[in-house]
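Asker: Have a look at this one.
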Amino acid sequence: MTSENEHQSIPADSGGYHELFEDMFSEMNERDVLFEIGAHMGIISCVVGRHYRDLDIVCFEPNPRTRKRLETNLKLNGLDAIVMDCAVSNSDGVMVLDTRHASRGGAKEAHRSGQGSEIPVRTLDGVVTDDGIPSPTVIVADIVGEELNLLRGGLTVFSSPTTRLAYIVTHDQPLERLGGSTQDVEKLLRRYGFDKVEHLRENLLKAKKSEHSR
C-alpha cells in the first residue's frame, strides 16, 4: 500500500473480511473460477488465491492507478490472474469514474456522465462470450451503485448452472440514486436461480444455488 487511501481499505476491525473468507473457504474448491469485480487492490483474490493455488482468477478493476497496485499485489502473492481494465454494467460503452466519492474500501461510483475519468464498461455476458474468459463459478462484486446493472448485464452468466455462488456488497444510497434497492438485487438473484439468499452482514449478500436448482 502506497497511500493513506489504500491503508484505509484495510478496516481497523477486519472481522468483515474474516467472515467473508471463512464462508468462501467453506464453499469453494480448487476447481472453481473466481471473478472479483471491483477488485481494487486485490485483497480477496490474493487471500483466496493463496488458499486455493489451482484456482482460476479474473479481476476487474477499471481505475488505472489502482489496477497497477492490483497487478503488483497479485505478482507478490505468486498469482497468475487475468486482469480486466473495464467496469461491468448492463451495456457496453464508456462511464465516468467519480473520484469525488471514494468509499472506505477505495471503490468509487461510476456514472454515465459527470466529473472524473472516462473508463470502458462491458457487460459480464459480453466479456465471457467475446473475450474467451472462462465462465465463473464464484463471483464477488463490490461496485458502488452498479449492483443491479451487473446482474442485468450478466443474465446468461448468473443464470448458468455453473455459476453457483455470489457475494455482492450492496450500497443503499448509490443504488437508490440509480432507482434500485437491495431488495431488487435479492429478487433478481432469485430469478436467476439462486434459491438461498442471505446477509452475511448488513451490506453483504451471499447467494447460492442448491444442487436441485442447478
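The values are calculated or read from the model by the stated rules, or taken from the named source; none is laboratory data. Note that this is a predicted model, so its numbers are computed, not measured. When we count neighbours, we look across all protein chains shown, and the Cβ atoms used for this are built from the backbone with ideal geometry, even at glycine. These accessible areas exclude ligands, DNA and RNA; they are computed on the full protein's heavy atoms, side chains included. Shrake-Rupley method; radii C 1.70, N 1.55, O 1.52, S 1.80 Å.
Asker: Which numbered condition trips up Ser117, out of (1) modelled with pLDDT of 95 or more; (2) farther than 24 Å from Ser159 by Cβ?
Answerer: Ser117 satisfies every listed condition except (1).
Asker: Criterion first (acidic (Asp, Glu), open to solvent by less than 10 Å² (accessible area, probe 1.4 Å) and either within 12 Å of the chain's Cα centre (by Cα) or modelled with pLDDT under 95 (or both)) does Glu202 satisfy it?
Answerer: Against the criterion (acidic (Asp, Glu), open to solvent by less than 10 Å² (accessible area, probe 1.4 Å) and either within 12 Å of the chain's Cα centre (by Cα) or modelled with pLDDT under 95 (or both)), Glu202 does not qualify.
Asker: Let me ask you something else. Out of the helices (runs of 4 or more DSSP H) lying entirely within the range 150-214, which hold 3 or more residues that are touching a Leu at 6+ places or on another chain (Cβ under 9 Å)?
Answerer: Correct list: 155-159, 182-191.
Asker: Additional query: Looking at the range 33-92, which of its residues are acidic (Asp, Glu), over 20 Å from Phe158 (Cα atoms) and part of a loop (DSSP other than H, G, I, E, B)?
Answerer: Residues satisfying the conditions are Asp54, Asp80, Asp85.
Asker: Search the range 73-87 for residues that are within 14 Å of Glu36 (Cβ to Cβ) and pair each with any residue that is surrounded by fewer than 14 Cβ atoms within 10 Å (Cβ to Cβ) when their beta-carbon atoms are under 6 Å apart and the residues are at least 6 apart or on different chains.
Answerer: These pairs meet every condition: Asn77/Arg50; Cys86/Pro120.
Asker: Looking only at the range 69-86, count how many residues are surrounded by fewer than 18 Cβ atoms within 10 Å (Cβ to Cβ), within 19 Å of Phe25 (Cα to Cα) and among the aliphatic types (A, V, I, L, M).
Answerer: Total satisfying the criteria: 0.
Asker: Separate question: Go through the range 19-68 and count every residue that is open to solvent by 60 Å² or more (accessible area, probe 1.4 Å) and of a type in the set (Asp, Glu).
Answerer: To start, the set of residues in the range 19-68 that are open to solvent by 60 Å² or more (accessible area, probe 1.4 Å) comprises 19, 22, 25-26, 30-31, 50-51, 53-54, 56, 64-65, 68.
Going one step further and asking which of them are of a type in the set (Asp, Glu), we end up with 19, 22, 30, 54, 56.
Count: 5.
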